[in-house]
Every structure is written in structure tokens, then in C-alpha cells.
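To start, the structure itself, in C-alpha cells.
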Amino acid sequence: MSAVWQWGSLSRVRTPKPTMSALQAKQISRSYGGTRALSEVSIELLPGSIHALCGENGAGKSTLIKILSGVETPDSGEVTLNGQPIPLGRVHAVEQIGIVAVHQEPVVFPHLNTVDNLFVGREQSKVGGLWLNKKGMREQACQIMHSLGETFSLDIPVGQLSLAQRQMVSMGRALLQECRILILDEPTASLSARESKSLFATMDRLQQQGVGILYVSHRLEEVFQLAQQVTILRDGQCAGTQPTSSLSRSELIRMMVGRPVENPSRQQKKTKSKSDKPILKIRGMRRDPVFQDIHLEIHAGEILGLSGLVGAGRSEIARAIFGLDPVDEGEIWFEGRCLPEGFTIQDTMAMGMAMVPEDRQREGLVLPASVEDNLTLPSLIELSGWMGMHRKPRHEASRSLIEQMGIKTASRASSAQSLSGGNQQKIVLGKWVYRQPRLFILDEPTRGVDVGAKEEVHRMIEQLAAGGSAILLISSDMPEILRLSDRILTLCQGRIKGEIASHEATQEILLQWALPEERDALS
Amino acid sequence: MLGLLKQRAAGLFCFTFLALGLVSLINPAFLAWGNLRDIAVQAAPVCIISCGLMLVLVLGEIDISVGSMMGVLAASMGAMVSATRWGLSPWIAVILTMILGTLMGALNGWLIAYLRVPSIMVTLGMLTALRGVTEVIMGGTWITDLPPGIRYLGTGSWMGLPICLWVCAGVIVLSTWLIHRTPLGRRIFAIGSQPRAAHLAGLPIQRVKFLVFAWTGFLTALATLVSVPQLSVVDSGIGVGMELLVVTCVVVGGTSVNGGTGHLSGVVFAVLLMTMISTLLIFMKLGENATYWSRAIQGLFILGAILLDHLVRSKKSS
């Protein structure tokens, strides 16, 4: 590699006049089905500056980025670059005018090597596209990966590289493009310190060259260290844009969480006699690389909240307890019995566990099947006699469940997909309720459910707990977890970061704990 | 992974030659030039179609309509040149057959890429529908009066080699170039490797899929043109089972059924091996019943190949 760092595409970048705002998005709205992901969000990005975008899980950051980079089309609103409207919804055209995004999931093709990964879709060729300029592309790929401080072989399929290396390939792919605006969505999530450092050096260089950078990260120290401006999104709306110099970490968190939070935590429940044997007890559970060193206990009638960012390992823990994923190490005691090694979902169901999965449509329901079929699916053996399934007990079971859960459906024969999200979720809960399990694992039980139905689901969860079941509640909805839980565990990067009684907890504390690595965060 | 796939081509190569050596020990007549040429001629149309189908599988799709497409193309080609039917000049018939093949492939591609119908459903429908069209064209009769101009494509040779081998070699060279040296080739592999990433990267997924299916249709037409005139008779059963043979060869040749990987060299050796099996069995002098085993052996090969693929992948992921 030549000693002088030279980089074909970037040396061609013209520095825009600094007075112009480079990228401007006005009044962007986008809905998915009934849920509003973004509502009239505006953001302005100056050339040669780093602009951070912050918000909780589901605040709309990824949607905004997909719109700015041309992956998705907004329902309304416009995006301009130097005053020119950009072609919405066309990735290639958006890249051509200089807006390049690095998405949270690395855009890599596992079977192709690094050179192909960098150039696919914008190959360099001779003879009018009939002969790839392999040598030229290779040299340029080499330069870019070196400039990012990577020295791995460019010839092995990218699928064999580490996650961090793949992320760097994805980064290289973006930098290959002559860019005026660079959008980075959680670029450091899977990088080690060394790689992050070379990434920051690259960002610095780009900034000098007048590139505007939109930077999304959960690591607030990076936001303060790198960015000049920060825009906060909350529930799909813009909660404000501020210079980072005028904000403190806690102020930023408060803006992400929203309204000075009056704590909706429920009245301290009758303190349970501590002599209660725990229903579920976990000691040192580990599954690499998603979670390590998990200890927890849940007592009868208790709701234990599990909070943390997306990807912190919450759902993975739930799946492991329920026997869907194997654990590498650790003991799980259920009602005083230790689960055998290699236990499966059949074991845990028979012992009295139930789980409401995160993805209702794909994992929780058989959408085209009827309400009755869905409600009785886990209990078919119990509902059948020696000649197989009987219609009558199934009718009775489903009728009583529809009534008990307050499911609004035309009939028990209607298909599950004809129901609203809230009623679908009641089916998912109801099918387990019939088995009267001792432990409910609820993963995001009110995601995508409207306000009224949410209230009902909450009431049901409280009823289940009052009836003596133990409940493990996973939720990204902080007011919900604060309201329902007795105790809350916060996970960060696969480890339990802290435990707190919910009447002492606030959204700020939970978010502080959930955000990764900052030594002074707890002081 | 790449290493293992390259080994697949090498493994098939060794296996093919081991089988050749073994059989020629038992019966030296196997190595006669005429016999080897017959095997190659038999393999050529399969190889031509496999070059297209491999790309379809790399995309993560499937096309099981190629056999029926061959039937329609053979019937229409026969009808075009037959003096008792349309009596067109062989040149025009050749060009029209190529256009018709491309159009049928393009119809598959349009339904799959732009209307987003799963390829297995589209081509399953085509498998049946086109077989029906063949029977309509043939009208319950045979075409027995192929003119010499067309027969030359099947029986003639150039510089000592049959025409079909030249065409096959041309297609292999063209495919190698397409895969390794054109943007389109790289995009086919990228889309099959990770469709979500391809979407985020703004690759023209629909156009690529459309082109690959149309290309497969064109290659099916080529295969028909060089194989059907080998015999003087066209009947409505031409191409029956061809789709299974081609899919077998492509999969045994190391193309992943999940998309993203495939090597042309492996596919070519797999075609040779698969078309040799029945001849091998005859020359091994195992008795009359032995040849009946050729289908079962082909089936075992496809199961073995998929199992190998699966084992490699589960080993990698663990």
C-alpha cells in the first residue's frame, strides 16, 4: 500500500458552500398498517457537520433513515439536497446524488468476497458493461479497506468474516460512493474499540471534506464526543434539535423519554411473604454470544419486568427458558425441580410454562386458522378423547375463553387474521390461559396494540398475577413495564446491569442502565 | 465454503474418471471414440439448459418447466419445417424457435419477478400447461418429415465434432463470462446470497430475475434445436422428465438450493456423470435389469448432494 493515503472516490468530493444546509427533510410522515412510525418529522443537516439522531427503541430512527436513503417512500413530506428534491424510494438514484447510508444490519452478501461486496450494483466495467474491470476494483477496494484499518484478505467470502469485519465491509461499501451525505445507523454496535477508532478517524476526515454525517447511536458518549447537533425522536415525532454543547447526558435522556415522567408505577403490592418458594429460579445461565451470567427469581403472583434495548438479549433469554433455544450453561429450577439438560418446549409446557412471543403474527398465531383453532391449539390432547378430537369440548373451551378474555370477534370460526391487533393478542394469551400455567413469559405483549386493547391486556396480566401465576414481562414500552412490574431487571449487552423495585424506578434510571458502557453512568 | 465447493467440482471430476476407469477395465469397449462421443452428444442439451438453470437456483428460485418448454419448442419447430404443415425455411424456423423459447422464459420471469408469484407455483403451472400446448400442436400425430436442413443441426458435425458439442462449448464459455466478468453475473449471486441486503443496496432485483428466466428459456430453445433433429421423428413426449434431470445435475454440481452459490465446473461434471450412469450400467455387463437402476442411482445422487450441502451448512453455523 502506498504511504500516501489516497482514495479515489473521496478525492473527487467537492466541498459544498458551508452556508447551505445540505440535506433537508420536511414534514416526513410514514405509517405501517395502522401504526404511525413517523409523523411530520423535519431534520436539517449541515455540510461538514456531524448530526446525531437519538431516540428510544421504536422512536422512528430506522424508518427515517430508510426514507432518507431511498429504501422506503414516505407517505408525505419532502427531502431536498442543496435545494434539489431527491428521488424518493430509489436507492440507486439517491446514492448517485451523494446520499449514502450504512444500515444497522450490515448490507453484505455472505457468499461473495469483499471486492464483489463493495462493488455489486455499481460495478466498474470496460467495453460498455461487457467486461468487469476486476483489477481496478480490487485496487480501489484494497485502498478503502486499508484506510479503514482493515487488513483481512479480500478474497474470502464475507460470510466467513467476523461481525465487526462485516460491518466494516458495509462501511467500505458506503465510502466507495462519492458522498455528500453519509448516514450511519448504529455503526459501532458490533465494533471493537480499535475498529470504532478507525471509524471515527474516517468520519473526521470526511467531515473535513465537507461531508454531512447523520449519526445514530445508543452510545451517548459517542454522541457527545462526535456530534455538533442532536435531533431527538420520540414516538415518531421530533422532540427537538439542540447543539450537543448545550445539553447534558441526563437532559438528553429526559428528552428521549419524554414528559417529565410522573411515575405510573402501580401501588406497591401487598408485600409477598418472602418465605414463598420461587416459581422460577435461574442460576448462571449462559448462551453465547447473546447472554451471560443470568441470575433471576420469580415468585408466585409476582411480575418481573425485563427491560433493555433491542438486542440486549431479552427475547433470547425468554426463548431459552421456554426451551426454544439451547443454553450453554446454567441451572433452571421450576417449582423446585431442576430442568434436565437439553430440555425442550414439550418439557416446559408440560411443567406449566407459557410464552407469548414477540412476533405475534408469525410466532404467536396461525393467522389463516380460526379463532377456535388458535385458542385450542396448545390443548388439543387435553380436549380430545379416545377417538380423537371432540367438537363439543373445543366449542365450550373456545366459547368460555372468548368470553373470559373479552375477544371481539364475529364468531369463533372467524380467521385470526380478520381480528385487530389487540384481539389477536388476547387470543395468544387466551390459548395459554386455558392450560392454567404457573409461569407466563410475555415478550412485548402490547406491541402494535391500540390504546384501549392495551389497557385490557394490562388488566389481564394483573389478573393472572393475582391468580398466583408468576410473570416474566419483557417490554420496550417503559411506562408499561413500570406500571405492571413488581421488580425490574435491566439487561445490557446480554448481562443483567441492575435490579430495582418498580416503585423506586424511573424511566431515566432504566434507560441509564440500558445504555451500554459509560463508567460514570451509575455514579 | 468456497474451498468445499471447489472440492465438489474436483470430487465429481475424480468420481467421473474413477467410474470411467473401472468400467473400461470391465469392458474396454467403453472407451471407444464412438461411445464417448455418444455420451457427450447425449449430455450436451442437458448441459446447455443446466447453464441457465444454475443461475435460476443461484437466485434462490427454481424452474421446473424446462422439460415442457422443450416439448412445445420441438413440436412447433417440427410443425414449422414440416412440408405437410407450414413448410417454413429451416433458417426462419431456427430463429422463431429461439424467439419463442425466450418469450416463454420471459413469461415465467415476468410472473415471478414482477407479479411476485413463487417460482415453484409458476413453473409447476407451466409444466402442465405447456405439455398440453405440445399435444395441441401435435394433434395426436407424429412429425416424420424433418427436412435435411434441420436434421443437419442434430446429425451434422464441424471439424470432426457434432454441432451440439460446439453449441454446448459456446454456452459454457458464454456463461463463464457472464458469471465472472459482467455486472449482471455478480448481481445474480448477490441477490441470491442475501435478498434483504440486495434490497437495501438498491439492486434491480426484478429485472435480474426476469432476465435470468428469459435466458433459461433461450437456452432451452438452443438445446431443443441441437437435440431434437438427431432423430427423424418428433413426438409429443420430447422433454418429459428433462426438468428433473437438469435440476439433479445443477444440485449435484454443488449449486446451493438456498441460493447464493454455484460453480459452473461442478455442474458440467455433474451433467457428464448423470448422463453416463445408464451407459455405464450397460457396459458393466450386470445383466439386463441393471439399466433399470439408473433412475434410482440418479435419485441417490441428488439426495447425497443435498445432504452434503446441508451438513456443510450446519457445520458452518455451529
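Within segment A:273-313, how many residues turn out to be among the β-branched types (Val, Ile, Thr), within 20 Å of A:ALA470 (Cα to Cα) and in contact with a helix residue (DSSP H, G or I) (Cβ under 8 Å, 6 or more places away or on another chain)? Explain how you work it out, then say what you get.
Taking segment A:273-313 as the starting set, the residues that turn out to be among the β-branched types (Val, Ile, Thr) are A:279, A:282, A:290, A:294, A:298, A:303, A:310.
Restricting the remaining residues to those that are within 20 Å of A:ALA470 (Cα to Cα) gives A:279, A:282, A:294, A:298, A:303.
Still in the running and in contact with a helix residue (DSSP H, G or I) (Cβ under 8 Å, 6 or more places away or on another chain): A:282, A:294, A:303.
Residues meeting the conditions: 3.
Go through segment B:185-209 and count every residue that is in a helix (DSSP H, G or I), in contact with an Asp or Glu (Cβ under 9 Å, 6 or more places away or on another chain), within 10 Å of another protein chain (Cβ to nearest Cβ) and buried (at least 18 other Cβ atoms within 10 Å of the Cβ). Show your work before the answer.
Going residue by residue through segment B:185-209, those that are in a helix (DSSP H, G or I) are B:185-193, B:195-200, B:205-209.
So of that shortlist, the ones also in contact with an Asp or Glu (Cβ under 9 Å, 6 or more places away or on another chain) come out as B:186-187, B:189-190, B:192, B:196-197, B:200, B:209.
Keeping just the survivors that are within 10 Å of another protein chain (Cβ to nearest Cβ) gives B:186-187, B:189-190, B:192, B:196-197, B:200.
Subsequent filtering for residues that are buried (at least 18 other Cβ atoms within 10 Å of the Cβ) retains B:186-187, B:189-190, B:192, B:197, B:200.
Matching residues across segment B:185-209 total 7.
Can you tell me which residue within segment A:48-76, out of those that are polar (S, T, N, Q) and outside any loop (DSSP other than H, G, I, E, B), is modelled with the lowest pLDDT? Walk me through how you get there before you give the answer.
To start, the set of residues in segment A:48-76 that are polar (S, T, N, Q) comprises A:49, A:57, A:62-63, A:69, A:73, A:76.
Still in the running and outside any loop (DSSP other than H, G, I, E, B): A:62-63, A:76.
Details: A:SER62: 84, A:THR63: 87, A:SER76: 91.
For segment A:48-76, the residue satisfying everything is A:SER62.
Which condition from (1) farther than 26 Å from A:LEU280 by Cβ; (2) modelled with pLDDT under 85; (3) within 29 Å of the chain's Cα centre (by Cα) is the one that A:HIS390 breaks?
(3)
Just the residues that are modelled with pLDDT under 90 and either among the β-branched types (Val, Ile, Thr) or over 26 Å from B:VAL312 (Cβ atoms) (or both), please, taken from segment B:262-286.
Matches in segment B:262-286: B:THR275, B:ILE277, B:SER278, B:THR279, B:LEU280, B:LEU281, B:ILE282, B:PHE283, B:MET284, B:LYS285, B:LEU286.
Scan segment A:389-426 for residues that are touching a Gly at 6+ places or on another chain (Cβ under 8 Å) and under 15 Å from A:ARG459 (Cα atoms) and jot them down.
If the condition is that a residue be touching a Gly at 6+ places or on another chain (Cβ under 8 Å) and under 15 Å from A:ARG459 (Cα atoms), then A:GLN404, A:MET405, A:ILE407, A:GLY422, A:GLN425, A:LYS426 are the ones that fit.
Go through segment A:462-490 and give me each residue that's surrounded by fewer than 22 Cβ atoms within 10 Å (Cβ to Cβ), farther than 17 Å from A:LEU511 by Cα and in contact with a Leu (Cβ under 6 Å, 6 or more places away or on another chain).
Result: no residue meets the conditions.
Which residue is farthest from the other protein chains (Cβ to nearest Cβ), if the candidates are limited to segment A:60-76 and must be among the hydrophobic types (A, V, I, L, M, F, W, C) and within 19 Å of A:LEU175 (Cα to Cα)?
Restricting attention to segment A:60-76, the residues satisfying the condition of being among the hydrophobic types (A, V, I, L, M, F, W, C) are A:64-65, A:67-68, A:71.
Okay, now just the ones that are also within 19 Å of A:LEU175 (Cα to Cα), so A:65, A:68, A:71.
Numbers: A:ILE65: 11, A:LEU68: 13, A:VAL71: 6 Å.
Ranking the qualifying residues of segment A:60-76, first place goes to A:LEU68.
Looking at B:GLY192, B:GLY202, B:GLY160, B:GLY185 in this structure, which one is over 15 Å from the mean Cα position of the chain (by Cα) and within 30 Å of B:ARG37 (Cα to Cα)? It would help to see each step written out before you state the result.
Values: B:GLY192 fails: within 30 Å of B:ARG37 (Cα to Cα); B:GLY202 fails: within 30 Å of B:ARG37 (Cα to Cα); B:GLY185 fails: within 30 Å of B:ARG37 (Cα to Cα).
Step by step, each of B:GLY192, B:GLY202, B:GLY160, B:GLY185 is checked, and only B:GLY160 is over 15 Å from the mean Cα position of the chain (by Cα) and within 30 Å of B:ARG37 (Cα to Cα).
At pLDDT 90 or above and touching a His at 6+ places or on another chain (Cβ under 8 Å), is that true of A:LEU45? Step through it out loud before you land on a result.
Numbers: at pLDDT 90 or above: yes; touching a His at 6+ places or on another chain (Cβ under 8 Å): yes.
Judged against the criteria, A:LEU45 is a match.
Okay, residues lined up against (1) touching a residue at least 24 places away in the same chain (Cβ under 8 Å); (2) within 25 Å of the chain's Cα centre (by Cα):
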{"position": "A:ARG362", "(1), (2)": "no, yes"}
{"position": "A:LEU401", "(1), (2)": "yes, no"}
{"position": "A:GLY406", "(1), (2)": "yes, no"}
{"position": "A:ALA416", "(1), (2)": "yes, no"}
{"position": "A:GLY448", "(1), (2)": "yes, yes"}
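I'm trying to understand the selection: among the residues of segment A:132-156, which are surrounded by 14 or more Cβ atoms within 10 Å (Cβ to Cβ), in contact (Cβ under 8 Å) with a residue 12 or more places away in the chain and under 20 Å from B:LEU178 (Cα atoms)?
The answer is A:LYS134, A:GLY136, A:MET137, A:ARG138.
So which helices (runs of 4 or more DSSP H) stay within segment A:77-194 end to end and still have 3 or more residues that are away from chain B (no Cβ under 13 Å) and out of contact with any Phe, Trp or Tyr (no Cβ under 9 Å at 6 or more places or on another chain)? Show your work before the answer.
Values: elements: A:91-96, A:114-119, A:134-147, A:163-176.
Where helices (runs of 4 or more DSSP H) fall fully within segment A:77-194 and carry at least 3 residues being away from chain B (no Cβ under 13 Å) and out of contact with any Phe, Trp or Tyr (no Cβ under 9 Å at 6 or more places or on another chain), they are A:134-147, A:163-176.
The values are calculated or read from the model by the stated rules, or taken from the named source; none is laboratory data. What you see is a predicted model; the values in this text were computed from it and never measured. Positions of Cβ are backbone-derived with ideal geometry, glycine not excepted, and every protein chain shown enters the neighbour counts.
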